[in-house]
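Visitor: Please read through the structure below; I'll follow up with questions.
The values are calculated or read from the model by the stated rules, or taken from the named source; none is laboratory data. Source: prediction; values computed, not measured. Quick reminder, even Gly has a Cβ in these numbers, built from the backbone with ideal geometry, and neighbours come from all protein chains shown. In case anyone asks, the SASA skips ligands and DNA or RNA and just uses the protein heavy atoms, side chains included. Shrake-Rupley method; radii C 1.70, N 1.55, O 1.52, S 1.80 Å.
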Amino acid sequence: MFDHAAFAGHESVHHFHDREAGLRAIIAIHSTRRGPAAGGCRMWKYASSDAALTDALRLSQGMSYKNAMADLPLGGGKAVIIGDSHTEKSPELFRAFGDAVNSLAGRYWTAEDVGVSPTDMAFAAERTKYVAGLAEGAAASGDPSPVTARGVFLGVKACARQAWGDDDLSGRKVAVQGVGHVGGRVCELLAEAGATLVITDVHSDLLRSVAKATGASVVEPDAIYDQDVDIFSPNALGAILNPETLARLSCRIIAGGANNQLATPDIGDQLAERGLIYAPDYVINGGGIINVASEISGVFDADWVEQKLQRLIVTLSEVLAQAATESRGANRVADEIARRRIGEVG
Ligand code: NAD
């Protein structure tokens, strides 16, 4: 592990095997300096166990950064279950995963991520109390997407203030990629604020209903990069900011909820060189983990969530201002602040 390319000073990495339940899982704990490590559980058909380890190492480090930027009393961790989430799920698998989480005695809190649903997590919760994002229970916080979406909307406004000195979105043109749980709500908030929307999604029924509700015009998935808009809001896939799309985008602001938007960190530098304002993804999309953090604290408190969300947007504005002053990628500035907050050297 210490020689692994994705190793970044992780505190510990745990491998779990339960033959009867068919569980093969890795839990990576990047940091517990700010509090117990928290981050979702992903189920994916990894090509190799090394690919699973790489994902766990990278994603857990990402959670340390995200939780630090949201100023939460949480460290960073992530779980990956090796398997096909469409064909290999069972209650026993998730109960065994619950046992795995429980064996860490609270050093790691889990929740849903790609391939894992609240129903799956309810089986894990039969074996451990260190599960969040549940639909039911004393402090259950439910679906975090509306809070994520509100954070993205407030983040778009913070970017507008940085770009134009004014966060009035009426008459601004926005291209939205992905109108699922987060993107759909972002569209509603943007439309209410008077923005003109052009949207896309591969799910055509969903696309039609969001277009109807918001008056948006619709384009094919690949055409979203070619729109003549002020703002591009990615809310679907990762790695969509790459040399190919960069050559096509003509917006001033990129601000959306999707994770891992930059194909490589140097794309952030190129955005800065072109004078684009980019909201680092793990800062602007921190609303969901703030919501989950309230559940982890034991008592769900909507006022605390709102206060943390407002503070997150102040942090985002500070990152944008510093990036502009220093003519650097906002991702570089955010990484630096996150590393400082988790006690890593600059
Ligand atoms: P979701 O699955 O509800 O929505 C994603 C949407 O993107 C779907 O409607 C899907 O059809 C669409 N999509 C997939 N491929 C596409 C393509 N090629 N072009 C256009 N659209 C495409 O997921 P979500 O919960 O809304 O999350 C969206 C993004 O935000 C993800 O990257 C997720 O990791 C990130 N995120 C979500 C939360 C949250 O609270 N849900 C929190 C932080 C980050």
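Visitor: I want to confirm something. Restricting to region 334-346 and keeping residues that are more than 18 Å from the chain's Cα centre (by Cα) and hydrophobic (A, V, I, L, M, F, W, C), which single residue is most open to solvent (accessible area, probe 1.4 Å)? Before the answer, list the steps.
Guide: Applying the first criterion (more than 18 Å from the chain's Cα centre (by Cα)) to region 334-346 yields 336, 340-346.
Add one more test, that the residue is hydrophobic (A, V, I, L, M, F, W, C), and what stays is 342, 345.
Details: Ile342: 8, Val345: 140 Å².
Among those that are more than 18 Å from the chain's Cα centre (by Cα) and hydrophobic (A, V, I, L, M, F, W, C), it is Val345.
Visitor: Identify, from the list Ala135, Ala158, Ala105, the residue that is over 16 Å from the mean Cα position of the chain (by Cα), closer than 23 Å to Asn67 by Cα and within 16 Å of the ligand (Cβ to nearest atom). Write out each step before concluding.
Guide: On the way: Ala158 fails: within 16 Å of the ligand (Cβ to nearest atom); Ala105 fails: within 16 Å of the ligand (Cβ to nearest atom).
When all the criteria are applied, what remains is Ala135.
Visitor: Of the numbered conditions (1) surrounded by 13 or more Cβ atoms within 10 Å (Cβ to Cβ); (2) in a helix (DSSP H, G or I); (3) without any contact (Cβ under 8 Å) to a residue 40 or more places away in the chain, Val182 fails exactly one; give the number of that condition.
Guide: (3)
Visitor: Yes or no: region 210-223 includes at least one residue that is open to solvent by less than 20 Å² (accessible area, probe 1.4 Å), small (Gly, Ala, Ser) and either touching a strand residue (DSSP E or B) at 6+ places or on another chain (Cβ under 7 Å) or under 21 Å from Lys66 (Cβ atoms) (or both). Even if it seems obvious, please write down each step before you answer.
Guide: Pass one, region 210-223, residues open to solvent by less than 20 Å² (accessible area, probe 1.4 Å): 210-211, 216.
Subsequent filtering for residues that are small (Gly, Ala, Ser) retains 211, 216.
Narrowing the set further to residues that are either touching a strand residue (DSSP E or B) at 6+ places or on another chain (Cβ under 7 Å) or under 21 Å from Lys66 (Cβ atoms) (or both) leaves 211, 216.
Yes, region 210-223 contains at least one residue that is open to solvent by less than 20 Å² (accessible area, probe 1.4 Å), small (Gly, Ala, Ser) and either touching a strand residue (DSSP E or B) at 6+ places or on another chain (Cβ under 7 Å) or under 21 Å from Lys66 (Cβ atoms) (or both).
Visitor: In region 96-121, which residues are farther than 15 Å from Val292 by Cβ, in contact with a strand residue (DSSP E or B) (Cβ under 9 Å, 6 or more places away or on another chain), open to solvent by 30 Å² or more (accessible area, probe 1.4 Å) and modelled with pLDDT of 95 or more?
Guide: Those that are farther than 15 Å from Val292 by Cβ, in contact with a strand residue (DSSP E or B) (Cβ under 9 Å, 6 or more places away or on another chain), open to solvent by 30 Å² or more (accessible area, probe 1.4 Å) and modelled with pLDDT of 95 or more: Asp99, Ser103, Arg107.
Visitor: Just to verify a result, which residue in region 122-151, among those that are hydrophobic (A, V, I, L, M, F, W, C) and touching a strand residue (DSSP E or B) at 6+ places or on another chain (Cβ under 7 Å), is farthest from Ala293 (Cα to Cα)?
Guide: Step one: list which residues in region 122-151 are hydrophobic (A, V, I, L, M, F, W, C), which gives 122-125, 131-132, 134-135, 138-140, 147, 149.
Still in the running and touching a strand residue (DSSP E or B) at 6+ places or on another chain (Cβ under 7 Å): 124-125, 131-132.
On the way: Ala124: 18, Ala125: 17, Val131: 11, Ala132: 8 Å.
The residue in question is Ala124.
Visitor: Let me ask something else about it. Of all residues in region 1-52, count the ones that are closer than 16 Å to Val114 by Cα and open to solvent by less than 50 Å² (accessible area, probe 1.4 Å).
Guide: 12
Visitor: I want to confirm something. Restricting to region 200-239 and keeping residues that are assigned to a strand (DSSP E or B) and near the ligand (Cβ under 9 Å from one of its atoms), which single residue is nearest to Asn259 (Cα to Cα)? Walk me through how you get there before you give the answer.
Guide: From region 200-239, those assigned to a strand (DSSP E or B) are 200, 217-218, 231-234; that's our starting set.
Restricting the remaining residues to those that are near the ligand (Cβ under 9 Å from one of its atoms) gives 200, 234.
On the way: Thr200: 18, Pro234: 9 Å.
Out of the qualifying residues, it is Pro234.
Visitor: I'd like the full set of residues that are more than 20 Å from Val152 (Cα to Cα) and either within 14 Å of the ligand (Cβ to nearest atom) or of a type in the set (Val, Ile, Thr) (or both), limited to region 285-336.
Guide: Hits for region 285-336 are Glu295, Ile296, Val299, Thr325.
Visitor: Determine whether Asn235 is touching a strand residue (DSSP E or B) at 6+ places or on another chain (Cβ under 8 Å) and in contact (Cβ under 8 Å) with a residue 24 or more places away in the chain. Reasoning before the result, please.
Guide: On the way: touching a strand residue (DSSP E or B) at 6+ places or on another chain (Cβ under 8 Å): yes; in contact (Cβ under 8 Å) with a residue 24 or more places away in the chain: yes.
Against the criterion (touching a strand residue (DSSP E or B) at 6+ places or on another chain (Cβ under 8 Å) and in contact (Cβ under 8 Å) with a residue 24 or more places away in the chain), Asn235 qualifies.
Visitor: Could you go through region 288-311 and let me know if any residue there is over 30 Å from Gly137 (Cβ atoms), open to solvent by less than 10 Å² (accessible area, probe 1.4 Å) and in contact with a helix residue (DSSP H, G or I) (Cβ under 7 Å, 6 or more places away or on another chain). Show your work before the answer.
Guide: So in region 288-311, the residues over 30 Å from Gly137 (Cβ atoms) come out as none.
No - not one qualifying residue is present in region 288-311.
Visitor: Can you name every residue in region 242-287 that is in a loop (DSSP other than H, G, I, E, B), in contact with a strand residue (DSSP E or B) (Cβ under 7 Å, 6 or more places away or on another chain) and either open to solvent by 10 Å² or more (accessible area, probe 1.4 Å) or over 15 Å from Val182 (Cβ atoms) (or both)?
Guide: Listed by number, the residues that qualify are Leu249, Cys251, Arg252, Ala263, Leu276.
Visitor: Continuing with the same structure: Which members of region 80-93 meet the condition of being closer than 23 Å to Thr54 by Cβ and in a helix (DSSP H, G or I)?
Guide: Scanning region 80-93 gives a single hit, Leu93.
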